[in-house]
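Reviewing the structure listed below.
The values are calculated or read from the model by the stated rules, or taken from the named source; none is laboratory data. Keep in mind it's a predicted model, so treat the numbers as computed, not measured. Here the Cβ positions follow ideal geometry from the backbone for every residue, glycine too, while neighbour counts run over all protein chains shown. All accessible areas refer to the heavy atoms of the entire protein, side chains included, with ligands and DNA or RNA removed. Shrake-Rupley method; radii C 1.70, N 1.55, O 1.52, S 1.80 Å.
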Amino acid sequence: MIKTIDPSQISQPDLHNILLTAVAPRPICFASTVDKDGNVNLSPFSFFNVFSSNPPVMIFSPSRSGRDNTTKHSHQNVKEVPEVVINIVNHDMVEQMSLSSTAYDKGVNEFVKAGFTQVPSETVKPPRVGEAPVSFECDVEQVIELGQTPGAGNLILARVKLIHINEAYVTEGILDTEKLDLVGRMGGSWYVRANNSALFEIPKPIRTKGIGVDALPEGIRQSGVLTGNNLGRLGNLERLPSKEEVIETLKSLDLKATSKSEMHKMAQQILEKGNTEQAMALLMHAETL
Ligand SMILES: Cc1cc2nc3c(=O)[nH]c(=O)nc-3n(C[C@H](O)[C@H](O)[C@H](O)COP(=O)(O)O)c2cc1C
């Protein structure tokens, strides 16, 4: 059963919960800003992403409060001083980052409240977070206010001017996903941690053009064993194996499976170990049974 919802027919908090639970995990922008008097503010925003690498532009959105329609200090600050440092949050920082989201009064410095190290920036007035694995000094190019009612977002377009990377998170000159241990925001009070089994790789179909799931033989597409993920991986192959390749593969396998469905299960195990060509050859053989 599918429940279909017209967003105009449900309450703002209910809509907010659906949107934030479904559109997840979201990266976290830990934004440092200053007001016109130089007071420092530090707040997290998960309505955030990078949208362009040339020019390098990120967008985050401090919303109007769903409770009292007030605007966030970060939003007010970037209108007064159009600069921001976007700091990236990893697992070591997550509890302090959460504390910094407390609705402290204007002028209260959340670096101090949350116990983070304030490091002066080189090109902008807001300081960066010393504990962050990566920080981006940015100019705010545009603020797009999406409405004046509770929950309305305010898109802050930030162009990156300078990047600081802690070398502890670098391997052979490049930022290392496994070392970063980043966290993301889910719905409610849930977070996700990008480490260990949460991380996996899929070969990028950039230089190759996969045959597509539609080009797989019917018996493979309609397999009661293979999953959508298995079919996606098979469809990424550039061609089906030749008869000779199927024979060669069969010779290399210790083939105990007898029925078609047992062969599909064996092919699935081979696929999950990453040998797509071998799995495909076995599946083609199963098609001949
Ligand atoms: C992980 C996390 C993500 C958040 N994302 C957002 C967001 O995208 N937009 C928003 O308006 N508030 C978000 N909040 C809440 C703000 O951080 C909170 O309202 C904060 O007090 C705003 O501070 P400011 O008024 O000093 O700018 C988030 C809080 C946390 C802990």
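Only loop residues by DSSP count here, and only those with at most 14 other Cβ atoms within 10 Å; note down the GluC sites (Glu not before Pro) in segment 201-282 that meet that.
GLU201, GLU238
Contact order normalised by length for segment 213-287, with contacts defined as Cα pairs under 8 Å and 6 or more residues apart; what percent is it?
Answer for segment 213-287 is 38 percent.
Out of every Cα pair in segment 101-176, what percent are spaced more than 20 Å from each other?
Tail of P(r) above 20 Å: 53 percent of Cα pairs.
Restricting to DSSP loop positions (anything but H, G, I, E, B) with no more than 16 other Cβ atoms inside 10 Å of their own Cβ, which chymotrypsin sites (Phe, Trp or Tyr not before Pro) remain in segment 174-222?
Here the sparse-neighbourhood loop sites are TRP190, PHE200.
For LYS251, list the aspartates and glutamates whose Cα falls under 19 Å from its own Cα; do not include residues on the same chain fewer than 8 positions away.
The qualifying aspartates and glutamates are GLU262, GLU277, GLU287.
Which order do the peptides 154-164, 84-94 come out in when sorted by mean C-beta neighbours inside 10 angstrom, highest first?
Going by the mean number of other Cβ atoms within 10 Å, highest first, we get 84-94, 154-164.
For segment 87-94, take each phi angle, set θ = phi - 60°, evaluate the Karplus expression 6.51 cos²θ - 1.76 cosθ + 1.60, and give the result in whole Hz per residue in order, putting x for glycine and proline.
After applying 6.51 cos²θ - 1.76 cosθ + 1.60, I find 9, 9, 9, 10, 4, 4, 9, 5 Hz.
Once the piece of chain linking ASP176 and LYS243 is laid out straight, how much longer is it, given 0.36 nm per residue of separation minus the C-alpha distance between them?
Fully extending the segment from ASP176 to LYS243 adds 20.0 nm.
At LYS3 and THR208, where each label point lies 7 Å from the Cα along Cα→Cβ, what is the point-to-point distance in nanometres?
Going from the LYS3 label point to the THR208 one covers 4.1 nm.
Kindly report the accessible area of segment 209-258 per residue (heavy atoms of protein chains, probe 1.4 Å, no ligands, DNA or RNA), in Å².
Each residue of segment 209-258 exposes 64 Å² on average to a 1.4 Å probe.
If you project the alpha carbons of segment 213-287 onto their three principal axes, what span does each projection cover, largest first, in Å?
Cα spread of segment 213-287 along its principal axes, largest to smallest: 28, 23, 22 Å.
Do the sum for the chain: with -39,500 (n - 2.57) for every DSSP H run of n ≥ 4, divided by all residues, what is the mean residue ellipticity at 222 nm, to the nearest 500 deg cm²/dmol?
-7500 deg cm²/dmol
Suppose the chain between ASN275 and SER98 were pulled fully straight at 0.36 nm per residue; how much longer would it get relative to their current alpha carbon spacing?
Gain on stretching ASN275 to SER98: 59.5 nm.
Report the residue, chosen from GLN142, GLN96, GLN278, that carries the largest GNM mean-square fluctuation when the chain is represented by alpha-carbon nodes joined by springs under 10 Å.
GLN278
Calculate the spin-label point distance for VAL112 paired with LEU289, positioning each point 7 Å from the Cα along the beta-carbon direction, and give it in nanometres.
Taking the two extended label points, one gets 7.3 nm.
For the chain, take N as its residue count and report Rg(C-alpha) divided by 2.2 N^0.38 Å.
Cα Rg divided by the expected 2.2 N^0.38 Å: 1.33.
Computed FRET efficiency, Cβ-Cβ of ASN229 and VAL143, R0 30 Å: what is it to the nearest 0.05?
Result of the calculation: an efficiency of 0.15.
Which order do THR71, THR177 take when ranked by solvent-accessible area (1.4 Å probe, heavy atoms of all protein chains), largest first?
Final ranking, largest accessible area leading: THR177, THR71.
In square angstrom, rounded to the nearest 10, how much accessible surface does SER43 have for a 1.4 Å probe?
SER43 exposes around 20 Å² with every protein chain in place.
Rounded to whole Å, give me the distance from the Cα center of segment 42-62 to that of segment 244-275.
One Cα centre to the other: 46 Å.
Can you tell me the length gained on complete extension of the stretch TRP190 to LYS265, counting 0.36 nm per residue apart and subtracting the Cα distance?
In short, 23.5 nm is gained.
Taking the simple approach of a point 7 Å from Cα along Cα-to-Cβ for both VAL57 and LEU162, what is their distance in nm?
So the two model labels end up 2.3 nm from each other.
Which pairs break 24 Å Cα to Cα here: LYS125/LYS161; LYS204/LYS260; LYS209/LYS265?
Over 24 Å Cα-Cα: LYS204/LYS260; LYS209/LYS265.
Expressed as a whole percent, how much of the Cα-Cα distance distribution for segment 32-184 exceeds 28 Å?
Of the Cα pairs, 15 percent sit more than 28 Å apart.
Return the loop-located trypsin sites (Lys or Arg not before Pro) in segment 194-289 (DSSP other than H, G, I, E, B) with at most 12 other Cβ atoms within 10 Å of their own Cβ; answer none if there are none.
Answer in residue order: ARG207, LYS209, ARG239, LYS256, LYS273.
Run the accessible area of the chain with a 1.4 Å probe and give the carbon-and-sulfur part as a rounded percent.
Carbon and sulfur atoms account for 53 percent of the accessible area of the chain.
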